[in-house]
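Below is one structure, written out as structure tokens; comments come after it.
The values are calculated or read from the model by the stated rules, or taken from the named source; none is laboratory data. Just so you know, these numbers come straight off a predicted model, no measurement behind them. Cβ placement follows ideal geometry from the backbone for every residue including glycine, while neighbour counts extend to all protein chains displayed. Remember, those area values only see protein heavy atoms, side chains included, never the ligands or the DNA or RNA. Shrake-Rupley method; radii C 1.70, N 1.55, O 1.52, S 1.80 Å.
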Amino acid sequence: CELIRGFLLSGMPCPSSCPPGLLALMAPGLALMAAFSLPSQAGDRRALPVAKPSGVKGRTLILLDVNTKSPVRIISENFLSLQLDPSIIHDGWLDFLSSRRLVTLARGLAPAFLRFAGKRTDFLQFHNVKNPAKSRGGPGPDYYLKNYEDDIVRSDIALDKQKGCKIAQHPDIMLELQREKAAQMHLVLLKEQFSNTYSNLTLTARSLDKLYNFADCSGLHLIFALNALRRNPNNSWNSSNALSLLKYSASKKYNISWELGNEPNNYRTLIGRSVNGSQLGKDYTQLRSLMQLIRTYSRAHLYGPNIGRPRKNVIAFLEGFMKVAGGTVDAVTWQHYYIDGRVAKVTDFLKTRLLDTLSDQIRKIQKVVNTYTPGKKIWLEGVGTTSAGGMNNLSDSYAAGFLWLNTLGLLASQGIDVVVRHSFLDHGHNHLVDQNFNPLPDYWLSLLYKRLIGPKVLAIHVAGLQRKPRPGRVIRDKLRIYAHCTSYHNHNYVRGSITLYIINLHRSRKKIKLAGTLRDKIVHQYLLQPYGKDGLHSKLVQLNGQPLAMVDDGTLPELKPRPLRAGRTLVIPPLTMSFYVVKNVNALACRYR
């Protein structure tokens with residue numbers, strides 16, 4: 001052996017006297033010694049390759065396939081929908097819903113429902129008066145500049161002269177004055193929210209016209225929640241004000257669906273008087289009778305009861321409601337907020353335990369609904385990442401998107417028909433659009449979802465190869481994968497294409513190899529990452545490395561994919577959200593609507 005090694009290092013040929021059998025035996029070792037002994041080329045500083053034992057991977061490789069034969073769920077075309085809180089009457093933003101920029105942003109998320117409801121629903125009174133200068137609610141001209149109110153009146157007159165969809169271009173000074181007013185009103189609204197004591201709100205006919213104009217121009221279907229706290233001495237619902245609103249809306253031929261109340265299980269904390277589930281069920285039956293008396297709304301949809309988190313007492317409330325009015329409503333609704341916005345931290349949005357809290361609620365709601373009205377559609381209304389108005393640089397940041405996208409995937413996979421996001425535009429920090437009318441990260445996430453995701457949900461099959469075999473754990477915990485048929489409204493892709501959306505909560509990249517029917521197909525990548533130095537706190541995002549921003553007030557940017565060659569492994573960067581369209585799969589489940 002020493003003789004052979006000497007010849008090798010000297011560069012001399014091995015003498016013919018070397019036993020052939022010995023040379024054959026030593027060949028693998030000689031090759032390895034040669035690899036480490038020969039000098040490297042000048043400038044080549046790469047580490048020499050080291051062979052890995054068979055079957056061991058340096059990183060987790062996930063094999064992914066999708067069942068393309070039939071969908072496991074089919075959800076509403078309006079699955080991702082929006083909410084506006086009645087507080088926009090208080091803080092003045094309702095007067096700006098005719099903004100071209102806001103309408104453009106809302107149109108991007110159509111088709112969808114627009115639910116007008118929130119904490120102040122049950123303090124809302126309708127007044128059928130038209131004079132905007134005399135009827136406008138709020139603190140009065142001494143609270144903000146008088147010319148601001150005069151500008152609003154002039155804007156209203158200009159809108160009245162327009163035909164069809166009424167769009168306004170508000171001067172910058174007008175918007176600046178409104179932001180000053182809204183900032184001061186924000187403190188008032190927060191004080192009401194934390195004290196759980198709310199003042200009455202007046203909705204004029206003019207305000208309702210503006211609200212409906214916004215929904216109609218944006219391609220959204222308006223759902224209006226009526227005040228359920230107007231009570232007769234015997235605790236039955238006093239429907240007189242609601243009837244006035246119904247009649248006015250019918251006279252304008254407004255296409256509206258209806259609800260009654262908001263979180264009725266909490267009425268005792270609001271007014272010191274409770275309304276139980278069976279009583280609310282009777283109130284809904286009364287509302288349905290009113291709707292049938294008005295031709296325009298005799299076949300309109302009615303949704304409810306919009307209960308809060310399904311704890312034990314709330315489940316009892318829902319059971320009482322379903323016994324009386326389960327057949328009266330077209331969908332059963334509840335709402336959910338993940339975190340108390342006053343104590344939230346950025347790390348909260350990365351906790352898998354928090355992402356999974358919704359699963360238990362879904363099961364509880366489904367159990368009650370299927371007991372009384374099997375097959376009845378279920379909606380999650382008023383969902384937000386945080387309660388109490390949210391927290392700046394958290395619930396309006398890139399980090400909040402992990403909760404939002406997982407909510408969409410989880411609800412769709414469990415067959416929840418519609419999810420209503422609180423809020424499109426609002427005070428606080430849970431909204432999709434800020435008070436400068438700039439889209440926030442969750443808006444861009446929602447826009448991608450609308451453009452790429454269709455209503456048919458597909459089952460995925462996953463196998464993970466890991467250093468320590470823990471089958472599927474990486475998927476359940478920090479890598480979440482959902483699959484749908486690609487949206488039929490997206491004409492860039494032929495029917496039969498599939499869209500995957502993936503959340504990677506790991507602090508390292510993950511690799512996914514498409515298998516089965518997805519193998520060797522061209523893939524389009526839409527990778528959404530934070531933009532700028534703020535990282536997960538950022539309110540700006542980039543798509544495939546390009547910052548996203550509106551082109552102008554009437555134009556959203558083109559969402560350009562990054563094509564990946566057929567058969568390429570998907571590399572998912574750490575702490576990111578991404579969409580992948582697998583083209584030309586010709587999936588049987590996705591060929592037809």
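When you scan the range 418-432, how many residues do you find that are closer than 24 Å to Ile75 by Cβ and in contact with a Leu (Cβ under 9 Å, 6 or more places away or on another chain)? The total comes to 9.
Just so you know, in the range 289-308 the residues that are out of contact with any helix residue (DSSP H, G or I) (no Cβ under 7 Å at 6 or more places or on another chain) and surrounded by 19 or more Cβ atoms within 10 Å (Cβ to Cβ) include one that is farthest from Ser257 (Cα to Cα), and it is Asn306.
In the set (1) under 14 Å from the mean Cα position of the chain (by Cα); (2) not in a helix (DSSP H, G or I), Ala399 fails one condition alone, (2). Take the conditions (1) hydrophobic (A, V, I, L, M, F, W, C); (2) over 24 Å from Pro86 (Cα atoms); (3) touching a residue at least 60 places away in the same chain (Cβ under 8 Å); Val418 misses just one of them, which is (2).
Restricting Arg480, Arg495, Arg593 to those that are of a type in the set (D, E, K, R), in a strand (DSSP E or B) and closer than 23 Å to Gly454 by Cβ reduces the list to Arg480. Being touching a helix residue (DSSP H, G or I) at 6+ places or on another chain (Cβ under 8 Å) and among the β-branched types (Val, Ile, Thr) is the filter; apply it to the range 537-558 and report the residue that is most open to solvent (accessible area, probe 1.4 Å). Here the answer is Thr555.
How many of the residues in the range 388-444 are under 21 Å from Leu528 (Cβ atoms) and among the charged types (D, E, K, R)? Of the residues in that region, 4 qualify.
Selection over the range 345-368 of residues that are over 18 Å from Ser395 (Cα atoms) and of a type in the set (Val, Ile, Thr) gives a count of 3. Across the range 568-586, the number of residues qualifying as of a type in the set (Ser, Thr, Tyr) and open to solvent by 30 Å² or more (accessible area, probe 1.4 Å) comes to 1. Filter the range 485-510 for residues that are under 19 Å from Ile62 (Cα atoms) and surrounded by 15 or more Cβ atoms within 10 Å (Cβ to Cβ) and give the result. Hits for the range 485-510 are Ile498, Thr499, Leu500, Tyr501, Ile502, Ile503, Asn504, Leu505, His506, Lys510. When the residues of the range 393-426 are filtered to those that are open to solvent by less than 10 Å² (accessible area, probe 1.4 Å) and among the polar types (S, T, N, Q), the one that is farthest from Leu536 (Cα to Cα) is Ser423. Of the candidates Lys533, Lys539, Lys510, Lys521, the single residue that is within 17 Å of Tyr482 (Cβ to Cβ), of a type in the set (Lys, Arg) and either in contact (Cβ under 8 Å) with a residue 60 or more places away in the chain or out of contact with any Lys or Arg (no Cβ under 8 Å at 6 or more places or on another chain) (or both) is Lys510. Lys210 meets all of the listed conditions (1) at pLDDT below 90; (2) of a type in the set (D, E, K, R); (3) in contact with a Ser or Thr (Cβ under 7 Å, 6 or more places away or on another chain) but one, namely (1). For the range 168-184, taking the residues that are open to solvent by 30 Å² or more (accessible area, probe 1.4 Å) and out of contact with any Pro (no Cβ under 9 Å at 6 or more places or on another chain), the one that is nearest to Gln435 (Cα to Cα) is identified as Arg179. Within the range 240-256, the set of residues being surrounded by 18 or more Cβ atoms within 10 Å (Cβ to Cβ) and under 27 Å from the mean Cα position of the chain (by Cα) comprises just one member, Ile256.
Going through (1) closer than 25 Å to Gln361 by Cβ; (2) of a type in the set (D, E, K, R); (3) at pLDDT 95 or above one by one, Lys478 falls short only on (3).
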